[in-house]
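Engineer: Input: one structure, supplied below.
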Amino acid sequence: MSSPILYLSKIPAEAEFYQKFWNKRPFVIKAGIGSDVMEKLIKADELAGLSLEEDIRSRIVFSENWSCQHGPFDENIFNTIGEKNWSLLVQDVEKFHPPTGDIIKPFGFSPCWLIDDVMVSYSVPGGGVGPHLDSYHVFLIQGDGKRRWKIGREAILSEKYIEDIDLKILANEFAGDEFEVEQGDIIYIPPFFPHSGETILESLTFSIGFLGPSIAELLVEYGQYIEEQDDINKRYAGDKLDSSSAGNEMSGSEVDNFRNTLIGSIKSDHFENWLRDYFKANKD
């Protein structure tokens, strides 16, 4: 059963967060982040400056036709694109503007080891990236300005998108709640909950994304680690083979032998050590 957006008076306690909200339900906290934190964060002109750099991922989304341009940008672009209906989005801002990393500190109740980056967007009135879904958890913190949001009341698992445009924009309307946010307001959105934001007054939005690795990514990365571990990186020798695997067909029991070998490598202490280092390295 779907539920309306919940307004909290403060950041939830850890137990409450995982029991009631994580992967389950969006919420809003008005004035959840104090001005002492907000005043340290990157400003619009500094963000625009980052988007000119070669090694920084940035894009501009135009909401009139849902088109997108990728950086690095020439600084003259900001003098020519007008004062309505666009947003500048810059990834990994905490790496290039360390004080912006302070926005993570109030979220110590969350699994911070899963945080992918702090993306920051600057948008003018009418700006936004359209109705969409994310496959990851996100906290949105409103900086300067004011935005209007709509968030769905339940996850969408079979979405349809508008065809022949640059962005993944949902093709159909979704049921949800609309509200406005101002500086310091927090929104939590679980994966696959549809949402859409539109700027009312020139805005900065800080997005903390929790992006877990795919199974394929884990297997590739762990495989590279195993390659350096002589005690578990043993070549297949077929020591349990029998006549049922003679010729060109492999027996079901031999499939199980392969499977158990892989499972054994994951059950070893190596896997835990590697996994902890994997997430630690992604934060450095």
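Every residue, every condition in (1) β-branched (V, I, T); (2) farther than 30 Å from I151 by Cα, yes or no:
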{"site": "I215", "(1), (2)": "yes, no"}
{"site": "K240", "(1), (2)": "no, yes"}
{"site": "E254", "(1), (2)": "no, yes"}
{"site": "I263", "(1), (2)": "yes, yes"}
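Engineer: Criterion first (touching a strand residue (DSSP E or B) at 6+ places or on another chain (Cβ under 6 Å) and in contact (Cβ under 8 Å) with a residue 40 or more places away in the chain) does S35 satisfy it?
Structural biologist: Answer is no for this residue.
Engineer: While we're looking at this one, here's another question. Can you name every residue in segment 77-91 that is under 27 Å from the mean Cα position of the chain (by Cα) and of a type in the set (V, I, T)?
Structural biologist: V90
Engineer: Let me ask you something else. Which condition from (1) modelled with pLDDT of 95 or more; (2) out of contact with any Asp or Glu (no Cβ under 6 Å at 6 or more places or on another chain); (3) not polar (S, T, N, Q) is the one that L167 breaks?
Structural biologist: Tallying (1) modelled with pLDDT of 95 or more; (2) out of contact with any Asp or Glu (no Cβ under 6 Å at 6 or more places or on another chain); (3) not polar (S, T, N, Q), L167 fails exactly one: (1).
Engineer: Condition first: under 19 Å from L89 (Cβ atoms), of a type in the set (A, V, I, L, M, F, W, C) and assigned to a loop (DSSP other than H, G, I, E, B). Now tell me which residues in segment 128-161 satisfy that.
Structural biologist: Within segment 128-161, V129, L133 qualify.
Engineer: How many of the residues making up segment 147-165 are surrounded by 14 or more Cβ atoms within 10 Å (Cβ to Cβ) and of a type in the set (D, E)?
Structural biologist: Going through segment 147-165 one residue at a time, the tally reaches 2.
The values are calculated or read from the model by the stated rules, or taken from the named source; none is laboratory data. All of these numbers come straight from a predicted model, not from anything done at the bench. Cβ atoms come from the backbone with ideal geometry, glycine included; neighbour counts cover every protein chain shown.
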